[in-house]
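All of the numbers you see were taken from the coordinates with simple rules; none came from a lab. Nothing here was measured: the structure is a model prediction, and the numbers come from that model. Using ideal geometry, Cβ is built from the backbone for each residue, glycine included, and neighbour counts are taken over all protein chains shown.
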Amino acid sequence: MGYSVQAAFVLMGNRIVNIAVVTISLCIAFYFTEVVLAITGHDEDITQKRWRAAERLGLAFDTRTKHEVVLSMRSMGVDAWPALSPGKEFIYSDGVQSDDKGRLFPLSGISGKRTINCNESGEYSFYESDEHGFNNPRGLYDGGRIDIALVGDSFTVGACVAPGQDIASYLRRAGLQTISLAAGGNGPLSELATLKEYGSVLRPRVVLWMYDEKMT
């Protein structure tokens, strides 16, 4: 009996070792494949993939970079700026240094500007930012009733969709006074900070926390 138990443990140990070796080998193979694709250029940028797909279908696709779009709009007299992702762009620097209030952590984009977002359908999406840099019509902070406040990331902002096609706009058209406090790249901590900063003042009846596990 004792020998049987000992043999069982030996077999189990060998099986665990074999599984570990196979797992490590697969991980190495996957990483090696990623490196090869990156070096050889086969890991094509997603924008280029969309452009090539549109070309095959005979559809128009704006191949300009966001920077080029911003410069083009400015040349036409539009005060355009690229959309910011505070949760990504300022987290490692712990915000920005101000002259009189120490370090500040921005929670939104630039206020009152034509904000250029992204391009997934062939045309760059944009929105006119409100008084605090979010994707809302102006005037929602004037003390009126707020039915719903949205907190989330780029999905909640309405990235890559036309103006008026974001979640908050649909809720407003349904008769609900809705304000979006979302920003691209937000994770749970950035969203909590935004809710504490603005929610305590706006006091919405309902808060919809839009969670995307890919951003955590």
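So the values come out like this:
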| item | result |
| --- | --- |
| Burial order of peptide ranges 62-70, 178-186, 48-56, 144-152 (average beta-carbon count within 10 Å, highest first) | 178-186, 144-152, 62-70, 48-56 |
| HN-Hα J in Hz across region 169-177 - Karplus 6.51, -1.76, 1.60, θ = phi - 60°, x for Gly and Pro | 5, 5, 5, 5, 5, 7, x, 9, 5 |
| Placed amide H near residue 180: partners under 5 Å, 5+ positions off or other chain | 150 |
| From phi via Karplus (6.51, -1.76, 1.60), per-residue ³J(HN,Hα) for region 102-108 in Hz, x at Gly/Pro | x, 8, 10, 10, x, 10, 8 |
| Contact order relative to length of region 150-198, as percent, for alpha carbon pairs under 8 angstrom and 6 or more apart | 47 |
| Residues residue 176 and residue 92, FRET efficiency given R0 of 41 Å [Cβ-Cβ distance, rounded to 0.05] | 0.65 |
| Percent breakdown of C-alpha pair distances by 10 Å bin, ordered from the shortest bin, for region 82-210 | 13, 45, 34, 8, 0 |
| Length gained when the stretch residue 59-residue 26 is fully extended (0.36 nm per residue, less Cα-Cα span) | 7.9 nm |
| Net lengthening on full extension, residue 201/residue 160 (0.36 nm per residue, minus Cα-Cα) | 11.8 nm |
| Extension gain (nm, one decimal) between residue 111 and residue 74, 0.36 nm per residue minus Cα-Cα | 11.7 nm |
